[in-house]
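Read through the structure below, which is laid out as structure tokens, and then see the notes.
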Amino acid sequence: MSDSEDYQDEYIFRPQQHLDAKWLNPDLQDALHDSVSLNVLYNSLAQDREIYFEARDGLVNASGVTAKLGDSGKYYCGLRNLTCTCCDGLCGPHSGCACASCAALSSDEERRLALEAKLVAPPSSVWFIDGIKWKQEPGPECLQSLMESMIWEQRIKAINTVTSCPIISQIRRLIVLCNRHLVAVLRFTIAAPSIDYLLNPVERYRHLLESFEVNR
């Protein structure tokens, strides 16, 4: 993938816990200065399916298994891993009971979609302007709606312009990599209660890496 190319603007970021080990100590310094290293690390997220650009082909749950959307609107992996007596022990595949990993995945997706639903584009500013033309006194509500519509349109234009810039594309990828690294460190911190949390952040981070190297 070249610097001038990038994935679509919106993506689904789902860091998998079973892949945290490889992200505890990535070479972010090299990625900062070398676009090839940056693209290799970024592409590995897509290859490991920690970044999605559409959920149509399914999402990977916390167990590392691909789960697909069933008729019930929930995600199912289709594995026979249930112990409940109300079904045949199969997770889905179209409806019914779901395993713990798929149930958590469905809950996460519901929250994500609920947030996306709040970002609804307002009507076009041209539509508001045409309406104002025929009103003797548009009123503050009409003017407020027009202003919000114009702000939204300018925001979209700015985003489209910025994301087409190669250097901005590299910065966005680097931010995603740093985010993935921090997720891995935070999870490992929770799993390592023996570390002295009174240490300063640099010392704490060094202890985390040393602990990881010993346990690897």
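A short reminder: the numbers here are calculations on the coordinates, not readings from a lab. What you see is a predicted model; the values in this text were computed from it and never measured. Glycine also receives a Cβ, built like all others from the backbone with ideal geometry; neighbour counts cover every protein chain displayed.
How much length would be gained if the chain were fully extended between E110 and N179, taking 0.36 nm per residue of separation minus their Cα-Cα distance, in nm to one decimal?
On the way: separation 69, 0.36 × 69 = 24.84 nm, distance 2.17 nm.
Additional length available on full extension: 22.7 nm.
Amide H neighbours of G70 under 5 Å, at least 5 residues apart or on other chains, H built in the peptide plane: list them.
The list, which skips near neighbours in sequence, is Y75, Y76.
Which distance in nm do the two modelled labels at H18 and I171 give, with both placed 7 Å along the Cα-to-Cβ direction?
3.7 nm
Beta carbons within 10 angstrom, averaged per residue: use that to sort the peptides 25-36, 42-53, highest first.
For the peptides 25-36, 42-53, the packing ranking is 42-53, 25-36.
Assuming a ≥ b ≥ c are the square roots of the Cα gyration tensor eigenvalues, decide whether the range 53-200 counts as rounded (a/c under 1.5), prolate (otherwise, with a/b larger than b/c) or oblate.
Oblate, because a/c is 1.5 or more while a/b does not exceed b/c.
Given the Cα atoms of the range 18-96, and with Rh set as the inverse mean 1/r over their pairs in the Kirkwood sense, what is Rg to Rh to two decimals?
My calculation puts Rg/Rh at 1.16.
Of C102, C142, how do they rank once you tally other Cβ atoms within 10 Å and put the fewest first?
Ordered by Cβ neighbours within 10 Å, fewest first: C142, C102.
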